[in-house]
Amino acid sequence: MPSEKVPDTPVEVLVAVLTKAQEIATTSDNVPEELTSHLQKAVNIARGLDDYVERMTTPESQPLVELYKKTISHDWDQVYRDGKTMFRLPKECITGHVEGQTLKMLVHMSQAKSVLEIGMFTGYGALSMAEGLPEDGCLVACELEPYLKHFAQPIFDMSPHGKKITVKTGSAMDTLKELAAAGEQFDMVFIDADKNNYINYYNFILDNNLLRLRGVICVDNTLFKAKVYLNDTTDDNGLALREFNQFVFNDPRVEQVIIPLRDGISVIRRVSACCVTENKITNDEVFHGVKGSPILDRMRLDGKVAYVTGAGQGIGRGFAHALGEAGAKVAVVDLDQEKAEAVAKELLLKGINAISITADVSKSDDVQRMIDTMVSKWGTIHIACNNAGINMNSASEDTSLEEWDQTFDVNLRGTFMCCQAAGRVMLKQGYGKIINTASMASLIVPHPQKQLSYNTSKAGVVKLTQTLGTEWIDRGVSVNCISPGIVDTPLIHTESLKPLMQRWLSDIPAGRLAQVTDLQAAVVYLACDASDYMTGHNLVIEGGQSLW
Ligand code: NAD
């Protein structure tokens with residue numbers, strides 16, 4: 001710590017006090033050597049802490065480095081003397097590396113998509129949090145001083161995350177009122193402005209639902225140089241923060257923890273609605289969620305074991321990613337070993353537990369080996385996604401028995417064998433979700449291409465699904481199928497199908513082909529407990545094509 005620096009955090013204050021004590025001890029007579037050595041140790045521990053945390057925290061991005069340098073080297077006193085700012089702004093207001101990375105981490109952990117910052121200063125905290133937001137995330141920063149908006153903007157423009165930030169200048173309370181009137185809500189609110197108004201900001205946010213259900217409020221400086229807990233505090237800011245901390249502590253709407261990082265960060269969240277004792281509420285599962293879980297949590301697949309056949313590319317690959325992202329362990333099954341391994345690798349890279357299995361679903365031995373491999377590896381199967389399928393084109397009068405058999409062997413016989421083998425495991429445990437991939441071709445006759453065997457096999461998949469779905473549902477196993485319209489995968493990019501693209505597009509109300517990602521939520525829904533009452537259903541996702 002440079003000698004001229006004013007201690008700014010409880011640890012820095014402690015270092016300053018200990019250093020003074022150490023100076024006194026070393027210049028005084030009759031101080032026991034043991035005391036001097038303990039003092040030395042205490043100084044080392046206190047002084048090393050922030051330094052160590054700083055060094056071990058992932059370095060900040062280049063735009064943040066630039067923003068820090070620009071803020072620290074700026075002559076804020078001159079700016080004030082020139083009348084460009086209303087207040088004399090101390091450069092120490094900057095959020096800094098460790099706190100910036102902490103905020104970014106909190107944004108990630110809370111999966112926030114929208115953040116409100118009250119008190120931006122030069123934008124270091126805003127940009128750090130924006131870096132933690134997804135691409136379509138947004139951050140609204142309230143800042144009193146218009147000068148600071150112009151100061152920060154060129155650096156925001158340097159960063160790919162800067163476009164997520166909107167700065168609103170003027171009184172923060174006016175901005176809060178404007179946001180509330182517009183019905184805006186935020187997943188995370190960071191309060192770092194005038195300390196005397198913290199309680200007002202906090203109350204306004206909660207009273208006007210600016211904080212989204214399950215959102216968090218983070219508040220800066222809540223340990224304020226240790227003044228919040230020292231008895232001899234007379235400092236206005238210290239007293240305001242002491243009152244704020246106590247106010248939040250006493251507020252039955254929330255729970256809080258103060259993290260002793262730098263100058264203290266409070267993390268505050270609304271307590272679960274079912275803990276609030278209010279009259280006039282119907283305290284049932286609609287109000288507090290099934291098993292206490294809100295709807296999106298009920299769609300999670302944590303701890304579930306799934307497989308997807310034909311997952312080496314196309315729709316199956318999309319399904320494997322979706323199930324894994326929702327929390328399931330996934331076996332990527334495909335005829336093509338290289339493709340299966342490549343997709344399993346993608347999942348592992350994302351932190352999803354995955355294996356690859358090479359199997360031909362038209363061969364009963366392969367199907368049984370796939371099931372046995374999963375049971376021996378993961379103990380069971382909860383979700384079976386029977387997706388592998390092939391399509392060959394020929395006019396019906398020319399369709400060979402070979403083509404018919406091959407198509408049926410994979411699309412219908414293969415799907416049946418997978419349903420039966422996985423179903424046996426599921427019926428035994430009284431739980432399972434089977435999701436077959438049928439096709440819009442099960443409903444309509446897609447044209448102008450000729451694909452008799454395919455259409456008929458997919459109609460068979462729907463009847464297979466309906467039959468199993470009704471036969472097994474009272475033993476805990478639901479069976480449903482998804483019928484995509486025309487999906488943009490390698491299956492349709494054959495030389496013979498390519499010229500038909502324009503014709504297809506004119507038949508689709510949505511005006512485009514389906515992307516694999518258009519189908520991902522459906523597979524997660526059918527795989528999760530929230531869809532337990534759905535069985536034998538053919539979920540058609542075709543941009544309206546079957547209705548025209
Ligand atoms: P795709 O051809 O892009 O991928 C299919 C994958 O399945 C490939 O990786 C292939 O190696 C694998 N596979 C083929 N036969 C197999 C077998 N016997 N055993 C194991 N794996 C096998 O196909 P896609 O477009 O992703 O289609 C997936 C499913 O969706 C199929 O059942 C298909 O009929 C159906 N579907 C596709 C469309 C579309 O427009 N693409 C539309 C409706 C339904």
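Just a few scattered comments:
- Chymotrypsin sites (Phe, Trp or Tyr not before Pro) restricted to DSSP loop in the range 225-272 with at most 14 other C-beta within 10 Å: TYR229
- Efficiency of FRET from Cβ geometry, ARG269 and LEU35, R₀ 51 Å, rounded to 0.05: 0.70
- Volume in Å³ per residue [convex hull over Cα atoms, computed for the range 439-548]: 100 Å³
- Between SER364 and ASN196, the simple label model (points 7 Å from Cα in the Cβ direction) yields a spacing of 8.5 nm.
- Packing-based exposure ordering (other Cβ within 10 Å, fewest first) of ASP529, ASP263: ASP529, ASP263
- Going from the residue with the fewest nearby Cβ atoms within 10 Å to the one with the most, MET501, MET299, MET188 rank MET501, MET299, MET188.
- On the principal axes of its alpha-carbon atoms, the range 1-99 has extents of 56, 35, 17 Å, going from largest to smallest.
- In summary, the convex hull built on the alpha carbon positions of the range 250-334 has an orientation-averaged projected area of 9.6 nm².
- Helix 146-158 and the longest principal axis of the Cα set of the chain meet at an angle near 40°.
- The length gained by stretching the chain between GLU471 and HIS493 to full extension, at 0.36 nm per residue less their Cα-Cα distance, is 4.1 nm.
- For the range 295-543, the fraction of alpha-carbon pairs in successive 10 Å shells from zero, as %: 8, 33, 38, 17, 3, 0
- Charge tally around ARG214: other residues with Cβ under 9 Å, Lys/Arg +1 each, Asp/Glu -1 each, net +2.
- Over the range 226-349, relative contact order from alpha-carbon pairs under 8 Å, at least 6 apart, %: 13 percent
- Flagged links, alpha-carbon separation over 18 Å, of LYS339/LYS450; LYS91/LYS225; LYS304/LYS329; LYS329/LYS377: LYS339/LYS450
- Residue-span extension gain [LEU348 to GLU23] - 0.36 nm each, minus C-alpha spacing: 111.4 nm
- On Cα atoms only, tilt of 337-349 relative to the major axis of the chain in degrees: 20 degrees
- Folded to 0 to 90 degrees: helix 364-378 orientation relative to the chain principal axis, Cα: 20 degrees
- GluC sites (Glu not before Pro) lying in DSSP loop within the range 441-548, provided at most 16 other Cβ fall within 10 Å: GLU495
- Modelled FRET efficiency - R0 41 Å, ASP251 with ALA181, Cβ distances, 0.05 increments: 0.95
- Quarter of Cα convex hull surface for the range 62-272, i.e. mean projection, nm²: 11.4 nm²
- Expected 222 nm ellipticity per residue - DSSP helices of 4 or more, -39500 (n - 2.57), all of the chain, to 500: -13500 deg cm²/dmol
- Pair-distance profile P(r), taking every C-alpha pair of the range 278-428, with 5 angstrom steps and integer %: 2, 10, 17, 18, 16, 11, 9, 7, 5, 3, 2, 1, 1, 0, 0
- Residue order for PHE156, PHE224, fewest other beta carbons within 10 angstrom first, comes to PHE156, PHE224.
- Euclidean distance of C-alpha centroids, the range 91-113 and the range 327-362, integer Å: 36 Å
- Between the range 182-217 and the range 484-513, the Cα center-to-center distance that results, in Å: 48 Å
- Computed on the range 10-56, with alpha-carbon pairs under 8 angstrom and 6+ residues apart, the relative contact order is 52 percent.
- Rough spin-label spacing in nm, given labels placed 7 Å along Cα→Cβ, for ASN209 and GLU135: 3.1 nm
- Computed over all pairs of different Cα atoms, the Kirkwood value for the hydrodynamic radius of the range 337-416 is 14.6 Å.
- For the range 364-502, the Kirkwood radius over C-alpha pairs fed into Stokes-Einstein at 25 °C and 0.890 mPa s yields D = 154 µm² per second.
- Square roots of 5 times each gyration tensor eigenvalue, C-alpha, the chain, largest first, Å: 59, 26, 24
- Counting every pair of alpha carbons in the range 10-56, the share spaced more than 12 Å apart comes to 61 percent.
Each value in this text was obtained by applying a stated rule to the coordinates, not by laboratory testing. Every value quoted in this text rests on a predicted model; they were computed, and no experiment measured them. Ideal geometry is used to build each Cβ from the backbone, glycine not excepted, and the neighbour counts take in all protein chains shown.
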